[in-house]
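Contents: one structure, followed by commentary.
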Amino acid sequence: PKRVVMLDTQFRMHPVLGDFHSKEFYESAGLPPVKSGLKPEDFPLDIPNYKDKLAAWIEVGQKAGAMKTNNGSKYRQCEAEVVAQEAAEILKARPDLSVGIITFYAAQREVIQKIMVDKGIMKNNFGEYEPSPGYDFLDNGDERFRVGSVDAFQGKEFDVVLLSTVRSWKEPSTGTDITIDSVNKQLGFLRIINRINVAMSRQKRLLIVVGDKSLTDPELAKTLEFEDGTKQQVLPGFNAFYKLCQGGYGCVR
């Protein structure tokens, strides 16, 4: 038998975000709750334009622009522009805060990086993107700004994280069942639960999801049962997070 050690306390994020993460990714799988080791007052909710908020959803629906493909990877220009603008405003207003931009797609990462170069926050050094001076490190030496895929954020933490989703969900026609194959076809990398888990747990004070709110469809919060008896939520995280955004600690734009 393989021995697995589970941590039962997290010290990264605000307890409300910690409770959301515990319920959605651990307790829903039958694992013990993950407690918060720090108090709410350890996480000032004073982010510019998000005072007293720790969860936000910025709606960028399909009418704003369709998803496209570049070298086999997905991107949405309109969504990238919104993400970059939100991050730039926070970075410029608060030199003491760290900001991370996470996306599931390399093409989206590159589009966002190019926009951040135009804003003076990043520079293109012979094909390698990196933060401009002043946006690279905080006064204490911690990393201040990063744009990357989920894998690039493994083990990282930032005061504010913006998650660019890129994908959308189109509900099947009446009488058509939702299957793993049909969901995988529409949602791609968003179906990889471990990646969603990482993407939604890098923030300390504020998580902002930017994308099409079709991903919060209640149908996607249901659990599918496979032939071998195992069960899996269709798309964990997004529906529950949207509900958090609709509460007192959140906002929907």
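Surface composition of the chain: carbon plus sulfur atoms hold 49% of the accessible area, using a 1.4 angstrom probe and ignoring ligands, DNA and RNA.
For the chain, the mean residue ellipticity at 222 nm estimated from helices alone is -7500 deg cm²/dmol, where every DSSP H run of n ≥ 4 contributes -39500 (n - 2.57) and the total is divided by all residues, rounded to the nearest 500. A simple spin-label model places pseudo-atoms 7 Å from Cα toward Cβ; at Asn125 and Asp142 they are separated by 2.3 nm.
Once the Kirkwood radius over Cα pairs is known for the chain, the Stokes-Einstein relation at 4 °C and 1.567 mPa s delivers a diffusion coefficient of 69 µm²/s. Of all aspartates and glutamates in the structure, those lying under 19 Å Cα to Cα from Lys39, and not within fewer than 8 positions of it along the same chain, are Asp8, Asp19, Asp52, Glu157, Asp159.
For the chain, leaving out every one of the chymotrypsin sites (Phe, Trp or Tyr not before Pro) that falls in a DSSP loop and has at most 11 other Cβ atoms within 10 Å, the longest unbroken run is 1-125. What is segment 1-150's relative contact order, in percent, from Cα pairs under 8 angstrom and six or more apart in sequence? The normalised contact order for segment 1-150 reaches 16 percent. Excluding ligands, DNA and RNA, the accessible surface per residue across segment 1-91 is 57 Å² with a 1.4 Å probe. Each listed q (0.12 Å⁻¹) maps to a log10 I(q)/I(0) for segment 139-253, found by the Debye formula over equal Cα scatterers with no solvent: -0.49. Rounded, prolate or oblate, given the Cα gyration tensor of segment 1-96, with a/c below 1.5 counting as rounded? Here segment 1-96 falls in the oblate category. Residue separation of Leu31 and Glu171 scaled by 0.36 nm, minus their Cα-Cα distance, works out to 47.3 nm of gained length. Most simply put, the chain has about 30% antiparallel DSSP beta bridges, counting only bridges with both residues inside it. Give the cross-link partners of Lys63 among the lysines, using a straight C-alpha distance below 30 Å as the criterion and excluding same-chain residues fewer than 8 apart. Correct list for Lys63: Lys51, Lys53, Lys74, Lys92, Lys114, Lys119, Lys170, Lys185, Lys213, Lys222, Lys243. What is segment 39-167 by shape, rounded, prolate or oblate, if you read a ≥ b ≥ c off the alpha carbon gyration tensor as root eigenvalues and call it rounded for a/c under 1.5, prolate for a/b larger than b/c, and oblate otherwise? It comes out oblate by the Cα gyration axes.
The values are calculated or read from the model by the stated rules, or taken from the named source; none is laboratory data. Computed from a predicted structure; not experimentally measured. Note that each Cβ is placed from the backbone with ideal geometry, even for glycine, and that neighbours are counted across all protein chains shown. In case anyone asks, the SASA skips ligands and DNA or RNA and just uses the protein heavy atoms, side chains included. Shrake-Rupley method; radii C 1.70, N 1.55, O 1.52, S 1.80 Å.
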